[in-house]
Amino acid sequence: MSSYWSDFVKDLEPYSPGEQPQISNITKLNTNENPYGPSPEVIKAISEAADDRLRLYPPPEAEQLKSTIADYVGLSASQVFVGNGSDEVLAHVFNGLLNHPDKGPLLFPDISYSFYPVFCQLYGISYKKIPLADDFSIDLDQYQQENGGIIFPNPNAPTGLLLNLDAIESLLKNNTDSVVVVDEAYIDFGGQTAASLINQYDNLLVVQTMSKSRSLAGMRVGYALGSKHLMEGLNRIKNSFNSYPLGHLQIAAAIAAFKDEQYFKNTAQQVISERERVVDQLESLGFDVLPSKANFVLAHHPQKAAETLADCLRDKGIIVRYFAQPRIDQFLRITIGTEAQNSLLIDSLEQIL
Ligand SMILES: *Cc1c(COP(=O)(O)O)cnc(C)c1O
């Protein structure tokens, strides 16, 4: 039988997200969600927005949310682009800003967010993976070569390692002909955002998400920050794809989350201090743990195969992320949970070992 698919679909290899088991008595440390719920103000805002107005289309440009974000980061609303999760924002970024076969391949680290090569395949973008250094840091010197764009998460995922702003600034200076995308999904857990460099560098695009530090993975809100020129390119793509990526409830939730800054700061700080505790305890159990500025850690045990450890944890009702991938197949990526979840993790590992 002939296939009804467009030709390119036959070869697509989609991204596979960490599992979302639909049972409640599991300790879920596998997809870097926030262990704390969203601010009570967010829940209130969603309930208040849930009424007859849902028959209307949402504001296509989500102006109110854009100005809320702009105020928070110190930019103008015309330097903000919003979308249905940062994965959708990234899709438009790859499609609209990173496809330059004439200039060279898109560059990103060999160990990085595994959605990047998937977007490249979807949009037919040629890319080159740049190996991380032996200590798993991003070696920016390796990015001094012909390229049609550069993208990396900061902190990097799944390593958790952070690049400082000086390093990012020199990369921007040396790559003025292509767009440099800094995917800051985890920046609120101890890093400094590159958004402060946007008014100086037209080629800088910063992408952030409300899924991690804002506890709103289920709401699907992400955004990009950059020059007006970059925003216009993204808007052309968005308005050729879906004029209404964010519904009324998403917009209301996102605005309320930004307004409750104290809640955000407290929960991020709790995650950070729990991270430091988890790192100490993993190290006392013999793990090597990469220095993380994210809400997860990447850890390796010299005496026990990572996949076996992941299976043993699963038998005890704890799921962590294991990547059967070169260089990191002896590591576990463990999301920082609540104090109780982390203690359970440590106790369980102690029993297993
Ligand atoms: C989680 C994550 C995203 C996607 O976030 P959503 O906004 O939930 O789509 C993007 N980039 C990196 C590096 C991530 O870890």
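For the range 208-255, enumerate the residues that are of a type in the set (D, E, K, R) and more than 20 Å from Tyr113 (Cα to Cα).
Scanning the range 208-255 gives Lys228, Glu232, Arg236, Lys238.
Kindly evaluate Asp135 against the criterion of being open to solvent by 30 Å² or more (accessible area, probe 1.4 Å) and assigned to a helix (DSSP H, G or I).
Taking the combined requirement at face value, the residue does not satisfy it.
Quick check, is Leu161 in a loop (DSSP other than H, G, I, E, B) and either hydrophobic (A, V, I, L, M, F, W, C) or outside the structural domain of Tyr127 (by TED's automatic domain parsing) (or both)?
Yes, satisfied.
Looking at the range 1-27 only, could you name the residues that are in a helix (DSSP H, G or I) and either open to solvent by less than 100 Å² (accessible area, probe 1.4 Å) or in contact with a Cys (Cβ under 6 Å, 6 or more places away or on another chain) (or both)?
Answer for the range 1-27, where residues must be in a helix (DSSP H, G or I) and either open to solvent by less than 100 Å² (accessible area, probe 1.4 Å) or in contact with a Cys (Cβ under 6 Å, 6 or more places away or on another chain) (or both): just Val9.
Identify, from the list Leu309, Leu290, the residue that is open to solvent by less than 20 Å² (accessible area, probe 1.4 Å) and either among the aliphatic types (A, V, I, L, M) or closer than 15 Å to Leu332 by Cβ (or both).
Answer to the selection: Leu309.
Of all residues in the range 67-103, which are open to solvent by less than 30 Å² (accessible area, probe 1.4 Å), more than 16 Å from the ligand (Cβ to nearest atom) and free of Cβ contacts under 8 Å to residues at least 60 places away in the same chain?
Ala70
Select from the range 202-223 the residues that are touching a residue at least 40 places away in the same chain (Cβ under 8 Å) and away from the ligand (no atom under 11 Å from the Cβ) and write down the one among them that is surrounded by the most Cβ atoms within 10 Å (Cβ to Cβ).
Taking the candidates together, the pick is Leu205.
What number goes with the only condition from (1) open to solvent by less than 60 Å² (accessible area, probe 1.4 Å); (2) under 18 Å from Gln208 (Cα atoms) that Asn164 does not pass?
Only one criterion is unmet by Asn164, namely (1).
Just one of the numbered conditions (1) within 16 Å of the ligand (Cβ to nearest atom); (2) in a loop (DSSP other than H, G, I, E, B); (3) hydrophobic (A, V, I, L, M, F, W, C); (4) open to solvent by less than 20 Å² (accessible area, probe 1.4 Å) is not true of Phe119; which one?
(2)
For the condition open to solvent by 50 Å² or more (accessible area, probe 1.4 Å), within 27 Å of Asp166 (Cβ to Cβ) and assigned to a helix (DSSP H, G or I), what is the one hit in Glu283, Glu276?
Glu276
Of everything in the range 25-62, what is within 16 Å of the ligand (Cβ to nearest atom), outside the structural domain of Gln269 (by TED's automatic domain parsing) and among the basic types (Lys, Arg)? Give them in sequence order.
Within the range 25-62, none qualify.
The values are calculated or read from the model by the stated rules, or taken from the named source; none is laboratory data. Fair warning: this is a prediction, and the values are worked out from it, not measured in the lab. Counting neighbours? That spans all protein chains shown, and the Cβs are built from the backbone with ideal geometry, glycine included. Heavy atoms of the whole protein, side chains included, go into the accessibility calculation; ligands, DNA and RNA do not. Shrake-Rupley method; radii C 1.70, N 1.55, O 1.52, S 1.80 Å.
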